[in-house]
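Right, one structure below, let's go through it.
The values are calculated or read from the model by the stated rules, or taken from the named source; none is laboratory data. As the structure is a prediction and not an experimental result, all values here were calculated from the model. Here the Cβ positions follow ideal geometry from the backbone for every residue, glycine too, while neighbour counts run over all protein chains shown.
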Amino acid sequence: MRINVGYWRFIGMMLATLLIGAPAMAQMSDADTEFAEQVAALNARSFDEKAAAAQAIADSGHPRASTVLQALIDSRLYFRVVGGDVVLAEPTDGGFALTDPVTGEAAGTATQYEVRRVVINNAIRGEVRDLIARAGLTSPDATVRRDAVRQLLNNPDPAVAEQIATLIEDEPKADIRQDMALVLGLSRLGSDEPAERLLALDALRGSLADRVRNQVRDLATNDPDERVRQQAGAMLSNIEDKRQLWGLAEQVFFGLSMGSVLMLAAFGLAITFGVMGVINMAHGELIMIGAYTTYVVQLLMPNHIDYSILVAIPAAFLVAGAFGVAIERGVIRFLYGRPLETLLATFGLSLILQQLVRTVFSPLNRQVSSPAWMSGSIEVNAAFSLTLNRLYVIAFALLVFFALLAIFKRTTLGLRVRAVSQNRAMARAVGVSSSRIDSLTFGLGAGVAGLAGVALSQLTNVGPNLGQGYIVDSFLVVVFGGVGNLWGTLVGGLSLGVLNKFLEPQTGAVLAKVLVLVFIILFIQKRPQGLFPQRGRAASEG
Amino acid sequence: MIKLNRIRRQVAHAAAAGALAMAGFSGQVAAQEDPIKVGVLHSLSGTMAISETALKETIEMLVEQQNEAGGLLGRELEPVVVDPASDWPRFAEQARQLLEDEEVDVVFGTWTSVSRKSVLPVFEELNGLLFYPVQYEGEESSENVFYLGAAPNQQAIPAVDYLMNEVGVERWALLGTDYVYPRTTNKILEQYLKDAGVADEDIMINYTPFGHSDWQSIVSDVRDFGSQGKKTAVVSTINGDANVPFYTELGNQGVTASDIPVVAFSVGEQELAGIDTEPLVGHLAAWNYFMSVPTQENLEFIQSWHEFKGDTDAVTNDPMEAHYIGFNMWVEAVRRAGTTDVDAVKESIVGVSVPNLTGGYATMMPNHHATKPVMIGEIQPDGQFAVVWETAGEVPGDAWSDYLPESADIIASWRKPLLCGNYNVETGECSGQNYGD
């Protein structure tokens, strides 16, 4: 008898090994065994089989079903090369830490050669997202429910609508109820009863969502019922009008955000070129140094990516500022009053700095991660949302602007800088060390360029060529806004950004840039001093 | 020593008599004669250094391996590296220097189409050999150039087929950087899509300058274009740096691969190394090679690359495989010809077949293009691609696209009796049209 029991257990173990490849699971409950089979089926050959396995897992109602599905779309589900059983894997140093998908217990480690990812495609990813969302509809967590309804809005099939119809009454959050009503309304638009369709149209009034617009448009042209067509037509033109208005707002926002980047890049130049009159072709490279400082700071604090950027702001200012002072002391001070030589020397310097970065950091772009609080967007409505990283950059640019204004208007340093730039001899006569002020001013300009680098590291590539893309734009903004005037840089940068963004949809990005350049050339012909001519100069010359 | 040399010479004579003996014998003899010079023409500074540096190192590694295996024809290989610094005219100067002053036997190099076109006349004038490793727009076939990267029918067309048939895409946004490769490729694709019955208003074409960083309006346009109820995809020939802000903007505006997949022809493992790939998961790329392909050849290649670089995080990519194939083809052709003489190699290389890294074979066609498998990969969170689709076998490269009216009748064959890179089958003569304009 005893032998018999052992025999059967052995058979069971063998079966389990065959099915899921893990002998330890022989003692699992029936539900677990079935679930384990379904999970194992994810490691199938074809995408169709994988999709079916995912569906089976979702239907199983197993407590770990959503964990496994989430891992599947997050690409954290692997299978062992030997044996083929499916495991959850978290990357560690030199390999992976494995977890059993059914029990959630640790299952040892593996090197990168021992496990392979369970590959899925976009279609499965979308289906699994829907599956997770349907499970999430009943979650006690409001954010999970909100995301779930949002996800299902993309694909409101009748079964989903049915489920939501039973949930909508008990939903405590008003905004989630609203989204639920959208799903219901969309599904009722497909009803056979014209009266029902009219009611659904009423329910959807006010929504600007893509899906609503498309379905309403469809009804406006194809609906068999005259009244439905009319009402849908009216609603459609209403939606289109509103969307156009919001589209305009979006363009202004894009323009402001592009302008804020331009002016941030130009502030440093406004100081070195505008106030000191130095044509610094290495300005772009100072921006690049700021961006690389951000990268290095991030390397130094790998566990605090979210806050490293806050540390990077002062660090980039100081590093780029130090480079600036060194450049001024080492090169530029011997060349004051010789603009052509300054131009050539700083151009050479820019090439040297680029190659220096290539040698130290490699020619490859470096990855600067965005902190979590900077990615994503604020959705104002379905037709208009504000991307967060752009919002932060606009805010940062304004902050830098007001800080610079304060420095120039309220501090002794600012007073001395203005004094030296307006009348060097007189400033020296009253005891200002003009050469010290020169290097401090240049350092300040360079430091502000470094700040621009921190902002740019969040928007574009951190690589040796980062600065080159901004040097011409910076000069344009400074010259357009009026040399030596921070307000000019602010207004110049923002207006060029908005102008560019309004031209772009009509002309394409390439021509828009050309047109802006032509515009500035014509403008400078008419008004060589720029938007805001410097006022102090006249006083000093008079 | 003298005696040894004599013995060697005798053996060499014997070996020359039988070509088969040659291969086994070459392992013992090395470095007595002048080395075979292998020119490397890749930018190590400037904008293109980001992509080209790895290719220079690939050739150095392959040369090193070949020397360890006993060299070639009993001679050592010696790489001659120059740096054209991403400066197109300088490519031509350096090519001339390699061929005239250094007298190299073969050159591996160039990346952008404009750099290839700038060196082309030099290679034809001085009768050199150039192996070009990058996917390109086609519409070219030179007697002196071997195109190991994908022609449009080995990358763009299969990718569009995949999206149309497997994903069900009906609207197409063709986004590209403003230069010859994207413009020609998009011209071919536009014609191809229209032939497949796609309406004009379902195709959107947009070009941006090199290094474009402000993608807000374009991504917003694409989102709007894709929100009209038909499944939409972006076909991206955006090159280089500009991809990072493009994908970041897609992520920030909430466009996921499930809504609007982006299939890219210029984004590989190397490019993704500088990006936070988390928001890109599911976007696609079409190549003839992915680092993630689990064949034995590929694992060995990756391992030796890691050893060569001294960095276990170093990535491999498609143009590196193209160099691997090109280098091995050239080695095999030299072996068959028994000499590094350019004309002899040109003749012997057509038909040469060597293993690629993905479990198949690459064969050099008479039009100087190779056969390659086409794979579609989806971006994974770790910056690698997972292959979701591939062609049943290798696709032969088509130098002259059948989807452009001006090149539909043109074929290339450098085999006798045709010996022409732009033969017009209608008029029956060498049309002379070349260097794609």
Exactly one of A:I271, A:I279 is assigned to a loop (DSSP other than H, G, I, E, B) and either touching a helix residue (DSSP H, G or I) at 6+ places or on another chain (Cβ under 8 Å) or at pLDDT below 95 (or both), and that one is A:I279
Residue under question is B:G377, and the condition is that it be surrounded by 16 or more Cβ atoms within 10 Å (Cβ to Cβ), farther than 24 Å from B:L73 by Cβ and not hydrophobic (A, V, I, L, M, F, W, C); does it hold? yes
Just to be sure I understand the filter: pairs with C-beta atoms under 7 Å, separated by 6 or more residues or on different chains, first member in region A:344-371 and farther than 21 Å from A:A322 by Cβ and buried (at least 16 other Cβ atoms within 10 Å of the Cβ), second member modelled with pLDDT of 90 or more and among the aliphatic types (A, V, I, L, M). Which pairs pass? A:P371/A:I309
Just one of B:V40, B:V81 is within 23 Å of B:M329 (Cα to Cα), modelled with pLDDT of 95 or more and surrounded by fewer than 20 Cβ atoms within 10 Å (Cβ to Cβ); which is it? B:V81
Any idea which residue in region B:284-295 is surrounded by the most Cβ atoms within 10 Å (Cβ to Cβ), counting only those that are more than 9 Å from chain A (Cβ to nearest Cβ) and closer than 14 Å to B:S236 by Cα? B:W287
Filtering region A:190-218 down to residues that are assigned to a helix (DSSP H, G or I), farther than 26 Å from B:D224 by Cβ and touching a Lys or Arg at 6+ places or on another chain (Cβ under 8 Å) yields A:P194, A:E196, A:R197, A:L198, A:L199
Just the residues that are surrounded by 14 or more Cβ atoms within 10 Å (Cβ to Cβ) and outside any helix (DSSP H, G or I), please, taken from region A:395-424. A:N423
Filtering region B:234-259 down to residues that are outside any helix (DSSP H, G or I) and within 10 Å of chain A (Cβ to nearest Cβ), which residue is surrounded by the most Cβ atoms within 10 Å (Cβ to Cβ)? B:A257
Considering each of A:M235, A:M258 in turn, give the residue that is more than 13 Å from chain B (Cβ to nearest Cβ), in contact with a Lys or Arg (Cβ under 7 Å, 6 or more places away or on another chain) and in contact (Cβ under 8 Å) with a residue 12 or more places away in the chain. A:M235
What residue, among those in region A:427-461 that are without any contact (Cβ under 8 Å) to a residue 12 or more places away in the chain and assigned to a helix (DSSP H, G or I), is surrounded by the most Cβ atoms within 10 Å (Cβ to Cβ)? A:A427
Among the residues of region A:265-273, is any of a type in the set (S, T, Y), within 12 Å of chain B (Cβ to nearest Cβ) and in contact (Cβ under 8 Å) with a residue 40 or more places away in the chain? no
So the check is Cβ under 8 Å with 6+ separation or different chains; which pairs have a first residue in region B:276-291 that's within 16 Å of A:I120 (Cβ to Cβ) and a second one that's among the hydroxyl-bearing types (S, T, Y) and surrounded by 24 or more Cβ atoms within 10 Å (Cβ to Cβ)? B:L280/B:Y247; B:H283/B:Y247
Could you please give the count of residues in region B:261-270 that are within 12 Å of another protein chain (Cβ to nearest Cβ) and free of Cβ contacts under 8 Å to residues at least 60 places away in the same chain? 1
In region A:67-76, is there at least one residue being surrounded by fewer than 14 Cβ atoms within 10 Å (Cβ to Cβ), of a type in the set (G, A, S), within 14 Å of chain B (Cβ to nearest Cβ) and under 29 Å from B:M375 (Cα atoms)? no
Would you confirm, using the coordinates I've provided, whether A:T221 is away from every other protein chain (no Cβ under 11 Å) and not in a helix (DSSP H, G or I)? no
